[in-house]
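Everything on this sheet refers to the single structure shown next.
The values are calculated or read from the model by the stated rules, or taken from the named source; none is laboratory data. Everything numeric in this text was worked out from a predicted model, so none of it was measured. Using ideal geometry, Cβ is built from the backbone for each residue, glycine included, and neighbour counts are taken over all protein chains shown.
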Amino acid sequence: MKLAHVLSSIALVATIMLAPVALAQEPPKLKMTPLQKEPLTGQPDKEVISLIVEWPPGSGTGLHTHPGDEYTTVLEGEVVGRKEGSEAKTYTAGQSYHTTSPAWFTKRTTRQVPPRKPSTSSWSRRESRSPST
C-alpha cells in the first residue's frame, strides 16, 4: 500500500512538472526511482520523500511548487534552477541546493549530458501545484 501511494505521488508530480511541455510535443520522460517515504518526526501531517530523478536531455519543468522544502544534490550533468523573481542558477555534479516551500520555481537541463539527482523533500500530504491551480 505504501509503495502504491509513493508511486502515485511521484506520478502526479511528474505529470504536473511536464504538463507545459506536453502541449507542444510528446515530452521526454523523467525517470524517478523512489528510495524512501517516511513520516516527518513530530509532524504527522507531513512526510519525507527521497528519490532519484534522471532527466532526459532537453527536458525541464514548467513553473511549479511543492508543498514542502526540497533538498537536492546533482550527481551527474547540469540543472538550471530559477525561483520566481530570481536569476537562474546552474548546478553541476556535486553541487546541492535547497528550494523552500511555497516558492514557485522551474528547472531544466542545459546540455546533452542528462542530469541525475537525488531529491529529498519534506511534504505535507497535499499535492504539488502549478500556477493554474
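Restricting attention to the range 53-83, the residues that are over 20 Å from Ser101 (Cα atoms) and in a strand (DSSP E or B) total 3.
Of all residues in the range 67-97, those being farther than 21 Å from Leu51 by Cα and among the acidic types (Asp, Glu) number 2.
Scanning the range 40-65 for residues that are farther than 26 Å from Tyr91 by Cα and of a type in the set (S, T, N, Q) gives Thr41, Gln43. Only one of (1) in contact with a Pro (Cβ under 8 Å, 6 or more places away or on another chain); (2) surrounded by 15 or more Cβ atoms within 10 Å (Cβ to Cβ) fails for Pro102. Which number is that? The failed condition is (2).
Within the range 75-93, residues that are within 12 Å of Thr109 (Cβ to Cβ) sit with their Cβ atoms under 6 Å from residues that are aromatic (Phe, Trp, Tyr) and surrounded by 12 or more Cβ atoms within 10 Å (Cβ to Cβ), at 6+ positions apart or across chains, in these pairs: Val79/Tyr91; Tyr91/Tyr97. Of the numbered criteria (1) modelled with pLDDT of 85 or more; (2) surrounded by 18 or more Cβ atoms within 10 Å (Cβ to Cβ); (3) of a type outside the set (Lys, Arg); (4) closer than 16 Å to Pro28 by Cβ, the one Glu54 fails is (2). A count restricted to the range 33-52 and to residues that are farther than 17 Å from Tyr97 by Cα and in contact (Cβ under 8 Å) with a residue 12 or more places away in the chain stands at 9.
For the range 87-99, enumerate the residues that are surrounded by 14 or more Cβ atoms within 10 Å (Cβ to Cβ) and either at pLDDT below 85 or part of a loop (DSSP other than H, G, I, E, B) (or both). Passing the criteria: Ala93, Gln95.
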